[in-house]
Amino acid sequence: MTQETSSTVPTSGNAGKAETSSCCCSAGREAALQAPACGTPAAGNLNAREAKDFHEGETGAASSFPQLQGSGRAETGQESGTPAAASADPKEASPAYTGSAAERFHSSAAQQEPSLAEHSAQPDPSQWPIIPEGTYILGTDDGEGFASDAEGPARPVHIPAFRMSPYAVTNAEFAAFVQATGYVTEAEKFGWSYVFQLLIPDPQQVKIVGSPERTPWWLGVEGATWREPEGPGSGIGDRMDHPVVHVSWNDAAAYCAWAGVRLPTEVEWEAAARGGLERKRYPWGDVLRPGGEHRCNIWQGVFPTKNHASDGYLGTAPVDVYLPNGYGLYNMSGNVWEWCGDWFTSDPAQRGSSDRPEGPAQGNARLMKGGSYLCHQSYCNRYRVAARSGNTPDSSTGNIGFRVVADL
Ligand SMILES: [Ca+2]
């Protein structure tokens, strides 16, 4: 595999904002995201100038919207699309999803509007698994880890008991929040959000307001929101049990305030993700696919052009697919990045530790854990439990969601 190195040095015009990291599989809304966590030429985000141009380009542009039909579920084995081209992974035999295949995949799903009236309940933490008080070995010295992300060293951290939602917050749950409060997300206020290129049936039919120069697979789609994840005309009617996406950290915090819960700290998230195991790479052990069985929704094939989706999903998956970990938590690896409460830092001395498990007191990016459906070992191996990334609090993409916790 190609082990990426990390660069956490900002480019220019961002003095004092060096502690910002963005995985190559995510994208930031603002200029603060200048520091690519992945050191490949393709990684990175908007620099200050690009971001300025980006936002200037948003205004006054003509609109041209597609009529997408949305579903995040790739019906593997039922596609009649283009056969897979040569794969980097000979074990992958499923058809590859290209742009045209994505169109077929989308058009195969029934389009429905979410029925907000059906989802009016706040979450009930009393039903959630308890993560027991204890001293957990967090971080890693794993050779596959990204030292420049401050994944290491492995160290003991004492954590009081808490409850964690077994699932990421779903579209249904977020709809209940919006129904109760009338909340408007930041993507809705900004008027656009980042969508991964292969999820857009026809990029020529959507209004692209910009794209990060070094991560061109992220397209800023006008009108992309949690309700319409691929832009106007798409929908979540058949994705109510999928994680809500296109929600910023600020949106997640607003949901928590309404629901009487909070975002986990990084150390809480990681201790929970480990599922009672110690010093393991994934929530279930050290082998990605034990017995050949998929345990998470990531990328199979060649990033970023061919996703064989042999795990069953091109985009998001329902929050309860695959086996849970030892604490009964689902999809702690893959599917969507999950916002944590901490500020991100790439300084090991400032990250969560035994004496400061809540992370740094301030920063420019909020921490994310878990990786997403875009992660691949060859490119962004951040679906390991110790992996970490960050993004600005107002950023939103189609692969960032969140999960919540409650104190006992
Ligand atoms: Ca997948």
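The values are calculated or read from the model by the stated rules, or taken from the named source; none is laboratory data. Just so we're clear, the structure is a prediction, and the values are computed from it rather than from any experiment. Please note: Cβ atoms are built from the backbone with ideal geometry, for glycine as well, and neighbour counts cover all protein chains shown.
Numerical summary
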| quantity | calculated |
| --- | --- |
| Every residue from the range 221-239 that is in contact with a strand residue (DSSP E or B) (Cβ under 6 Å, 6 or more places away or on another chain), charged (D, E, K, R) and crowded, with 24+ Cβ neighbours inside 10 Å | 230 |
| Check on residue 195, touching a helix residue (DSSP H, G or I) at 6+ places or on another chain (Cβ under 6 Å), β-branched (Val, Ile, Thr) and closer than 29 Å to residue 257 by Cβ | no |
| Qualifying residue in the range 243-254 (condition: within 16 Å of the ligand (Cβ to nearest atom) and buried (at least 24 other Cβ atoms within 10 Å of the Cβ)) | yes |
| Selection within the range 191-220 - closer than 20 Å to residue 250 by Cα and surrounded by 20 or more Cβ atoms within 10 Å (Cβ to Cβ) | 192, 193, 194, 195, 220 |
| Selection within the range 326-340 - within 12 Å of the ligand (Cβ to nearest atom) and at positive phi | 331, 334, 335 |
| Residue in the range 159-173 that is touching a residue at least 60 places away in the same chain (Cβ under 8 Å), more than 25 Å from residue 358 (Cα to Cα), aliphatic (A, V, I, L, M) and not in a loop (DSSP other than H, G, I, E, B) present | yes |
| Any hit, the range 249-260, residues being modelled with pLDDT of 95 or more, assigned to a loop (DSSP other than H, G, I, E, B), in contact with a Lys or Arg (Cβ under 8 Å, 6 or more places away or on another chain) and not polar (S, T, N, Q) | no |
| Whichever residue in the range 164-190 is within 19 Å of residue 239 (Cα to Cα) and of a type in the set (Phe, Trp, Tyr) and, among such residues, is surrounded by the fewest Cβ atoms within 10 Å (Cβ to Cβ) | 167 |
| The range 283-325 - residue that is more than 18 Å from the chain's Cα centre (by Cα), within 13 Å of the ligand (Cβ to nearest atom) and buried (at least 21 other Cβ atoms within 10 Å of the Cβ) and, of those, farthest from residue 237 (Cα to Cα) | 301 |
| Any chance residue 371 is closer than 19 Å to residue 263 by Cβ and within 12 Å of the ligand (Cβ to nearest atom) | yes |
| Test result for residue 343, farther than 19 Å from residue 275 by Cβ, of a type outside the set (D, E, K, R) and within 11 Å of the ligand (Cβ to nearest atom) | no |
| Of the criteria (1) surrounded by fewer than 20 Cβ atoms within 10 Å (Cβ to Cβ); (2) within 16 Å of the ligand (Cβ to nearest atom), which one residue 361 fails | (2) |
| Hits in the range 174-221 - residues which are touching an Asp or Glu at 6+ places or on another chain (Cβ under 6 Å) and part of a strand (DSSP E or B) | 192, 195, 209 |
| Scan of the range 264-308 for residues that are among the hydroxyl-bearing types (Ser, Thr, Tyr) and either under 17 Å from residue 130 (Cβ atoms) or free of Cβ contacts under 8 Å to residues at least 40 places away in the same chain (or both), ordered by number | 265 |
| Which numbered condition residue 338 misses (of (1) among the acidic types (Asp, Glu); (2) crowded, with 24+ Cβ neighbours inside 10 Å; (3) without any contact (Cβ under 8 Å) to a residue 60 or more places away in the chain) | (3) |
| Out of 292, 390, 334, 352, sole residue that is out of contact with any helix residue (DSSP H, G or I) (no Cβ under 7 Å at 6 or more places or on another chain) and closer than 19 Å to residue 262 by Cα | 390 |
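Residue-by-condition table, conditions (1) more than 30 Å from residue 156 (Cβ to Cβ); (2) not aliphatic (A, V, I, L, M):
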{"position": "312", "(1), (2)": "yes, yes"}
{"position": "330", "(1), (2)": "no, yes"}
{"position": "338", "(1), (2)": "no, yes"}
{"position": "374", "(1), (2)": "yes, no"}
{"position": "398", "(1), (2)": "yes, yes"}
